[in-house]
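J.: Structure provided below as structure tokens; questions to follow.
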Amino acid sequence: MNVLIIGGGVIGLAAARELRLAGAGRVTVLEKGQAGREASWAAAGMLAPDAETETVDAMYRLCRGSNELYPEFAASLFDETGIEIELDRTGTICVALSDEDLEHLGGRMGAQKTAGINAELLSSNDIAGLEPSLSRDVVGGVLYPDNGQVENRKLVAALLEFARRNSIEVHENSTADELVIWNAKAVGVSVKGKSLEADAVVIAAGAWQSELLDKANVRCPPVTPVKGQVIAYERVSSLRHVVYGAGGYLVPRRDGRLLVGATVEDAGFNTDVTVDGVLSLRNSAERLLPGLAGREPDDKWAGLRPFVAGGEPVIGAVPGVSGLFVAAGHYRNGILLAPVTARLIADAVLKGSAPEIGRPFLPASGKEATAS
Ligand SMILES: Cc1cc2nc3c(=O)[nH]c(=O)nc-3n(C[C@H](O)[C@H](O)[C@H](O)COP(=O)(O)OP(=O)(O)OC[C@H]3O[C@@H](n4cnc5c(N)ncnc54)[C@H](O)[C@@H]3O)c2cc1C
């Protein structure tokens, strides 16, 4: 089977790898810019299904399922490419800077534990022992031992290296302008007036997902961009865990960088870094790590999270148009959800099947998705 994937972010590239491993014939990725340089580059790489949930629902099960795939995914990628994606399972700590915050965190943790989520309440002394450089204003917190992070830029590099070694063609600077649908079947796309044919087309175009589908009158839940700004400091080696608190998060990388994220903004497709955005991130960072006070960040960037109303992704076969598949709307969890999304897409394209864990995210499951 000849599969065309539109979008070379982690979702498109991970799907391309899985399709190749599962025996697809020809796999081609079209990327309008440089592969992996949009949201997948801007992300902080946190794998936080537990720390970010309020309830155990279908979305939590999808996130947790993907988190559980990560050790094997990282090890296989290393064997396949020699690139270490720095999977880290040290745990994630949510800290409270006031008694009120601690009460909220504790209440949430109680509900999470009842639902079977692995979490431990920490006193201020426990936290000082685990992370001595954190502010003395920290009054306590919660440790999520099964959460962690991955170096998402190395993940992109590994997926691209896999593509290079396994005859997946990745065409950069190549925009899919139109989806070609013939007799209710997706037969390819056009690029600068030239048609590229395929047996199956997978649209994994991140925040730009709706452009192609709208033009072809395929109605899928609209995907919109949600801007996030991030700052980074070099040579901050004092922190070991991912830490949430003070309205932001800190992600310590193995090379000594500390990422601080992220703003959540409705700014269309604008990715400018702003004075206000940087100030608010510096403020969160300095409240948590007083050692950073007065230090200018060494780097700053912004990216666009692909958002669907409700915050859940849409993954699978589009009803009414055979050979058409979508994988988008991963919002704040696209790095976490890449392994499970890739498997769901490979199953949908090659076997026509939809495993239980992915069914609530099918375009048809109560979500609008028809060709008209
Ligand atoms: C600041 C920030 C922090 C984040 N932190 C985390 C985190 O800690 N953990 C986590 O799990 N997730 C995080 N995310 C979310 C995560 O980055 C995204 O959900 C994920 O990267 C989405 O991947 P994608 O492949 O769908 O999109 P993208 O990476 O944006 O890739 C889509 C690609 O499609 C291409 N494209 C679009 N239209 C076309 C076309 N017509 N033809 C060809 N190519 C096209 C684009 O150029 C782009 O490269 C964060 C996001 C941001 C912005």
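J.: Could you please give the count of residues in the stretch 334-358 that are polar (S, T, N, Q) and in contact with a strand residue (DSSP E or B) (Cβ under 8 Å, 6 or more places away or on another chain)? Outline the logic, then answer.
T.: First pass over the stretch 334-358, keeping only residues polar (S, T, N, Q): 341, 353.
Keeping just the survivors that are in contact with a strand residue (DSSP E or B) (Cβ under 8 Å, 6 or more places away or on another chain) gives 341.
Adding up the residues that qualify gives 1.
J.: On the basis of being over 23 Å from THR224 (Cα atoms), within 13 Å of the ligand (Cβ to nearest atom), in a helix (DSSP H, G or I) and not β-branched (Val, Ile, Thr), does LEU250 make the cut? If you could, list the steps in order and put the result at the bottom.
T.: Values: over 23 Å from THR224 (Cα atoms): yes; within 13 Å of the ligand (Cβ to nearest atom): yes; in a helix (DSSP H, G or I): no; not β-branched (Val, Ile, Thr): yes.
Criteria not met by LEU250.
J.: Can you tell me how many residues in the stretch 20-34 are more than 6 Å from the ligand (Cβ to nearest atom) and either charged (D, E, K, R) or surrounded by 24 or more Cβ atoms within 10 Å (Cβ to Cβ) (or both)?
T.: Going through the stretch 20-34 one residue at a time, the tally reaches 4.
J.: Another question about this same structure. Only one of these conditions is not met by GLY277: (1) more than 9 Å from the ligand (Cβ to nearest atom); (2) in a helix (DSSP H, G or I); (3) without any contact (Cβ under 8 Å) to a residue 40 or more places away in the chain. Which number is it?
T.: (3)
J.: While we're here: Which pairs do you get when a residue that is over 14 Å from GLY33 (Cα atoms), found in the stretch 169-192, comes within reach of a residue that is assigned to a strand (DSSP E or B) and of a type in the set (D, E, K, R), reach meaning Cβ atoms under 7 angstrom, with the pair 6+ apart or on two chains?
T.: If the second residue must be assigned to a strand (DSSP E or B) and of a type in the set (D, E, K, R), the pairs left are VAL187/GLU197; GLY188/GLU197; VAL189/GLU178; SER190/GLU178.
Table: residues versus (1) small (Gly, Ala, Ser); (2) surrounded by fewer than 19 Cβ atoms within 10 Å (Cβ to Cβ); (3) farther than 30 Å from LEU250 by Cα.
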site	(1), (2), (3)
VAL150	no, no, no
LEU155	no, no, no
GLU169	no, yes, yes
ALA186	yes, no, yes
ALA207	yes, no, no
LEU212	no, no, yes
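J.: Report yes if some residue within the stretch 121-130 is farther than 23 Å from ASN333 by Cβ, in contact (Cβ under 8 Å) with a residue 60 or more places away in the chain and in the same structural domain as SER76 (by TED's automatic domain parsing); otherwise report no. Show your work before the answer.
T.: Within the stretch 121-130, the first condition is being farther than 23 Å from ASN333 by Cβ, and the residues that meet it are 121-130.
From the residues that got through so far, the ones that are in contact (Cβ under 8 Å) with a residue 60 or more places away in the chain too are 130.
The next check asks that each one be in the same structural domain as SER76 (by TED's automatic domain parsing); those that pass are none.
Among the residues of the stretch 121-130, not one is farther than 23 Å from ASN333 by Cβ, in contact (Cβ under 8 Å) with a residue 60 or more places away in the chain and in the same structural domain as SER76 (by TED's automatic domain parsing), which makes the answer no.
J.: Taking only pairs six or more apart or across chains, which ones have beta-carbon atoms under 6 Å, a first residue in the stretch 322-346 that is touching a residue at least 40 places away in the same chain (Cβ under 8 Å), and a second residue that is part of a loop (DSSP other than H, G, I, E, B) and near the ligand (Cβ under 6 Å from one of its atoms)?
T.: Note: pairs meeting the criteria are ALA327/ALA204; ILE335/ALA43; ILE335/GLY45; LEU337/HIS330.
J.: Identify all residues within the stretch 289-309 that are in contact (Cβ under 8 Å) with a residue 12 or more places away in the chain and of a type in the set (Gly, Ala, Ser); write none if there are none.
T.: Keep residues of the stretch 289-309 that are in contact (Cβ under 8 Å) with a residue 12 or more places away in the chain, which gives 289-292, 295, 297-309.
Of everything in the stretch 289-309, those that are in contact (Cβ under 8 Å) with a residue 12 or more places away in the chain and of a type in the set (Gly, Ala, Ser) turn out to be GLY291, ALA302, GLY303, ALA309.
J.: Looking for whichever is under 14 Å from the mean Cα position of the chain (by Cα), surrounded by fewer than 24 Cβ atoms within 10 Å (Cβ to Cβ) and not assigned by TED's automatic domain parsing to the domain that holds TYR233 here; the options are MET59, MET46. Which one fits?
T.: Every option except MET59 fails the conditions.
J.: Of everything in the stretch 3-19, what is within 6 Å of the ligand (Cβ to nearest atom), within 19 Å of THR81 (Cα to Cα) and touching a helix residue (DSSP H, G or I) at 6+ places or on another chain (Cβ under 7 Å)? Give them in sequence order.
T.: Just the residues of the stretch 3-19 that are within 6 Å of the ligand (Cβ to nearest atom), to begin with: 6-12.
In the following step, the residues that additionally are within 19 Å of THR81 (Cα to Cα) were identified as 8-12.
Once the filter is applied, which keeps residues that are within 6 Å of the ligand (Cβ to nearest atom), within 19 Å of THR81 (Cα to Cα) and touching a helix residue (DSSP H, G or I) at 6+ places or on another chain (Cβ under 7 Å), the stretch 3-19 yields GLY9, VAL10, ILE11.
J.: Another one. For the stretch 224-234, indicate whether the set of residues that are more than 16 Å from the ligand (Cβ to nearest atom), of a type in the set (Gly, Ala, Ser) and not assigned by TED's automatic domain parsing to the domain that holds GLY320 is non-empty.
T.: No.
J.: Something else: Looking only at the stretch 199-246, count how many residues are in contact with a Cys (Cβ under 6 Å, 6 or more places away or on another chain) and part of a strand (DSSP E or B).
T.: Summing the residues that are in contact with a Cys (Cβ under 6 Å, 6 or more places away or on another chain) and part of a strand (DSSP E or B) in the stretch 199-246 gives 1.
J.: Within the stretch 8-55, how many residues are in contact with a Ser or Thr (Cβ under 9 Å, 6 or more places away or on another chain), part of a loop (DSSP other than H, G, I, E, B) and among the basic types (Lys, Arg)?
T.: Summing the residues that are in contact with a Ser or Thr (Cβ under 9 Å, 6 or more places away or on another chain), part of a loop (DSSP other than H, G, I, E, B) and among the basic types (Lys, Arg) in the stretch 8-55 gives 1.
J.: What pairs come out if I take residues in the stretch 245-256 that are of a type in the set (D, E, K, R) and pair them with residues that are part of a strand (DSSP E or B) whose C-beta lies under 7 Å away, six or more apart or interchain?
T.: ARG253/LEU259
J.: Answer yes or no: is there a residue in the stretch 269-289 that is at pLDDT below 95, surrounded by fewer than 21 Cβ atoms within 10 Å (Cβ to Cβ) and among the small types (Gly, Ala, Ser).
T.: No, there is no match, as no residue in the stretch 269-289 is at pLDDT below 95, surrounded by fewer than 21 Cβ atoms within 10 Å (Cβ to Cβ) and among the small types (Gly, Ala, Ser).
J.: Still on this model: Can you find a residue in the stretch 147-164 that is outside any strand (DSSP E or B), modelled with pLDDT of 95 or more and farther than 26 Å from ASN333 by Cβ? Talk me through it step by step, then tell me what you get.
T.: Step one: filter the stretch 147-164 for residues outside any strand (DSSP E or B), giving 147, 150-164.
Right, trim to modelled with pLDDT of 95 or more and you get 147, 150-164.
Checking the rest, the ones that are also farther than 26 Å from ASN333 by Cβ come to 164.
Checking the stretch 147-164: at least one residue is outside any strand (DSSP E or B), modelled with pLDDT of 95 or more and farther than 26 Å from ASN333 by Cβ.
J.: Can you find even one residue in the stretch 314-328 that is under 11 Å from the mean Cα position of the chain (by Cα), outside any loop (DSSP other than H, G, I, E, B) and either within 15 Å of the ligand (Cβ to nearest atom) or crowded, with 24+ Cβ neighbours inside 10 Å (or both)? Can you show your working first?
T.: Going through the stretch 314-328, the residues under 11 Å from the mean Cα position of the chain (by Cα) turn out to be 328.
Going one step further and asking which of them are outside any loop (DSSP other than H, G, I, E, B), we end up with 328.
With the extra rule that they be either within 15 Å of the ligand (Cβ to nearest atom) or crowded, with 24+ Cβ neighbours inside 10 Å (or both), the set shrinks to 328.
Yes: one or more hits.
The values are calculated or read from the model by the stated rules, or taken from the named source; none is laboratory data. The structure presented is a predicted model; accordingly, all values stated were derived computationally and were not measured. As a convention, Cβ positions derive from the backbone with ideal geometry for all residues, glycine included, and neighbour counts pool all protein chains shown.
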